[in-house]
Every structure is written in structure tokens, then in C-alpha cells.
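First comes the structure, then the notes that go with it.
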Amino acid sequence: MSKTTLAERLRLPDLGRAGQQLLVPAIAIMLFLGLWGLGAQRVQTSLGQLPGPVKAWEQARTLYQEHRAERDRAVAFHQRQEERNAARLQQDPDAKIQWRKYTGKPTFFDQILTSLITVAAGFLLASLIAIPLGVLCGMSDNFYQAMNPLIQIFKPVSPLAWLPLVTMVVSAVYVSDDPLLSKSFVNSALTVTLCCLWPTIINTTVGVAGVSKDLINVSRVLRLGWLTQVVKIVLPSAMPMMFTGLRLSLSIGWMVLIAAEMLAQNPGLGKFVWDEFQNGSSNSLARIMVAVLVIGFIGFLLDRGMLMLQRRVSWDKGAVLR
């Protein structure tokens with residue numbers, strides 16, 4: 001009798017590729033929820049028992065209800081303001097009316113949107129800087145030798161080290177009585193930028209340096225200009241490695257953002273987690289757990305989004321499967 005391997009024993013019945021892609025993750029998620037529920041019952045904290053899946057789901061519903069209630073209050077506020085201004089204009093058509101913004105507390109969903117906008121700003125700024133630098137490093141040995149020490153020095157620096165420096169610089173330079181962007185947003189976005197640079201620079205450099213010499217020689221025979229050579233030959237050939245760097249940068253930026261928002265008090269998910277931790281209510285742990293799951297799920301969606309974008313713009317169509 002032939003010996004069966006562990007992989008063969010764990011192999012599921014042939015359900016088709018689509019069925020296995022759905023079934024296997026579903027089994028893993030169910031196992032995770034079961035272990036989470038069993039483990040949570042055995043952990044007691046200063047705020048009570050560690051919340052399990054049921055408690056976290058209850059708080060997720062509560063957060064949604066709070067969001068809807070806040071939206072209803074905002075709608076009622078604007079309706080009252082419109083009625084008041086309409087009545088004033090009816091009495092005096094030349095009266096100067098004022099439109100005030102609703103200043104209610106941002107909800108959990110508002111904070112999700114703030115975090116997404118912040119990470120997008122930091123990531124895009126980092127990409128605009130990192131991709132040209134990576135191209136130059138890949139095409140010029142001298143430029144790479146000059147940049148490599150700086151990359152190796154700054155690459156491992158923690159966002160917690162960058163944030164105080166960024167805060168002091170922004171406070172000194174970004175001075176305005178009516179700023180377009182809040183300083184907390186600028187601090188968080190720039191911290192994300194500084195931590196997103198390095199994976200994109202490194203992977204773009206490797207991709208550009210690995211472009212086939214035959215293609216470079218063909219471009220020289222055709223006497224293509226430097227910019228044309230970069231756009232037509234170098235960037236398309238280096239696209240898979242470049243997107244690998246962009247994916248790494250985006251995932252790092254999303255992780256960095258949460259810590260940056262905690263310290264910079266940018267009204268995003270990081271601030272939500274910090275406020276709940278400071279609140280210390282009986283529901284705080286469950287609300288933090290909801291935030292943790294949302295942060296992880298959004299990070300997953302961001303990565304899938306980058307893979308879909310890579311599939312559309314790159315010749316490496318199989319990248320979406322990895």
C-alpha cells in the first residue's frame with residue numbers, strides 16, 4: 001500500500017476551482033471565529049471578558065446605528081437652517097444670511113473615509129517621488145551608488161520616529177490663519193509618504209535594472225530619445241516589479257497610518273482606536289476589535305485593488321492570481 005502524503009489527506013473533493021476558492025476560505029474563517037470565541041471566554045481583562053465574535057458584531061451594528069443617527073441630526077440641522085434663512089429672506093429680501101457647517105462628532109464611517117483619504121494622499125505623493133528615483137537608480141549606476149546609502153539608512157526608520165520631526169517641521173512651515181488642510185492630516189499624510197518611499201524605490205530599481213539588454217540595444221539602434229526609451233521600453237518592462245513595490249508601499253502606508261493617526265490625532269481609524277482605549281468603557285474592547293477587523297479588511301481590499309490595476313496596465317496578466 002502506497003503511503004499518502006499529508007497534502008493528499010487534506011485534499012478536498014473536486015468541487016471545481018471556483019468552488020474551492022470559496023469553500024477553503026469559508027472553512028478557515030469559520031475555524032478562526034470558533035477559536036476566537038472559545039479563547040475569548042478564557043481571557044479576563046480590567047474591562048471585563050475579552051469580546052468574542054458575537055459581542056463584536058453587536059458593537060458593529062451599534063456603530064452603524066450611531067452613524068445613521070448622526071446623519072439624521074445633520075439633515076435636521078441643515079433643514080432648520082434652510083427654514084430659518086428662508087423665513088428671514090421672506091421678511092427682508094436684502095438680509096445677509098449665514099450658512100453654518102454641521103459640527104457634529106465624526107462617526108466610525110467618517111473616520112474610515114478620513115483614513116482612506118489620508119493614506120491615498122501619502123501613497124500618491126510617495127509614488128510620484130519614488131518611481132522617478134527608482135527609474136534613475138535602475139538606469140544609472142552612479143546615481144544608484146549615490147542613493148543606496150540613503151535608502152539603506154532611512155528604510156528601517158519607524159514611523160514613530162518620523163512623526164515628531166514631521167510635526168515640528170509642519171508646525172514651523174505650514175502657518176496659516178485659514179489652512180486648506182488640517183495640520184493633523186498633513187502630519188499623518190507626510191509620515192505615510194516617508195514610510196512608503198522605500199519599497200517602491202527598491203523594486204522599481206530592480207525592475208528597471210533587469211530590463212533586457214536587447215530591448216535597450218534596439219532602442220539605441222532606433223535612436224529613441226531618453227524619455228521615449230523610458231516610456232516605451234523601460235517602464236512597461238519593469239511594470240511587474242514596480243507594482244510589487246507599490247503593493248508593499250501601500251500595505252506599509254496603511255499600517256503606518258494607524259499609528260500616525262493615534263499620535264497626530266488625525267480623525268481617522270487610528271484616533272478611533274486610541275479614543276476607545278482611553279475611554280475604557282465596557283464596550284471599548286469590542287469596538288476596538290471591530291476597528292481591527294475593519295482595518296485588516298480594508299488593507300486586503302487595497303491590495304486586491306492594486307492587483308486589479310496591475311492586471312489592467314501591465315503585461316503580467318497572471319499577477320491577479322498571486
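Brief remarks on what is shown
- The single condition among (1) under 30 Å from Gly270 (Cβ atoms); (2) touching a Gly at 6+ places or on another chain (Cβ under 6 Å) that Trp162 does not satisfy is (2).
- Any hit, region 99-108, residues being assigned to a helix (DSSP H, G or I), touching a Phe, Trp or Tyr at 6+ places or on another chain (Cβ under 8 Å) and closer than 30 Å to Val192 by Cα: yes
- Candidates Val192, Val208: the one that is in the same structural domain as Gln265 (by TED's automatic domain parsing), in contact (Cβ under 8 Å) with a residue 12 or more places away in the chain and over 19 Å from the mean Cα position of the chain (by Cα) is Val208.
- Restricted to helices (runs of 4 or more DSSP H) entirely inside region 205-322, those with at least 2 residues that are buried (at least 16 other Cβ atoms within 10 Å of the Cβ), hydroxyl-bearing (Ser, Thr, Tyr) and touching a helix residue (DSSP H, G or I) at 6+ places or on another chain (Cβ under 9 Å) are 235-264.
Yes or no, residue by residue, for (1) at pLDDT below 80; (2) over 15 Å from Ser314 (Cβ atoms):
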position: Trp198; (1), (2): no, yes
position: Asn203; (1), (2): no, no
position: Gly210; (1), (2): no, no
position: Leu224; (1), (2): yes, yes
position: Val231; (1), (2): no, no
position: Met239; (1), (2): no, no
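- Gln41 vs. criteria more than 30 Å from Thr193 (Cα to Cα), surrounded by 13 or more Cβ atoms within 10 Å (Cβ to Cβ) and free of Cβ contacts under 8 Å to residues at least 12 places away in the same chain: no
- Single condition Val135 does not satisfy, out of (1) closer than 25 Å to Glu261 by Cα; (2) of a type in the set (Val, Ile, Thr); (3) out of contact with any Pro (no Cβ under 6 Å at 6 or more places or on another chain): (1)
- Within region 119-150, considering residues that are in contact with a Phe, Trp or Tyr (Cβ under 6 Å, 6 or more places away or on another chain) and modelled with pLDDT under 95, the one surrounded by the fewest Cβ atoms within 10 Å (Cβ to Cβ): Leu136
- Within region 40-48, one or more residues are in a helix (DSSP H, G or I), within 27 Å of Leu293 (Cβ to Cβ) and not acidic (Asp, Glu).
- Residue count for region 135-172, restricted to those that are part of a helix (DSSP H, G or I) and more than 25 Å from Ser188 (Cα to Cα): 14
- In region 242-251 there is at least one residue matching the filter, namely being in the same structural domain as Leu190 (by TED's automatic domain parsing), at pLDDT 90 or above, of a type in the set (Ser, Thr, Tyr) and over 22 Å from Leu113 (Cβ atoms).
The values are calculated or read from the model by the stated rules, or taken from the named source; none is laboratory data. Being a predicted model, the structure only gives us computed values, none of them experimental. In this analysis, Cβ positions are derived from the backbone assuming ideal geometry, glycine residues included, and neighbour counts consider all displayed protein chains.
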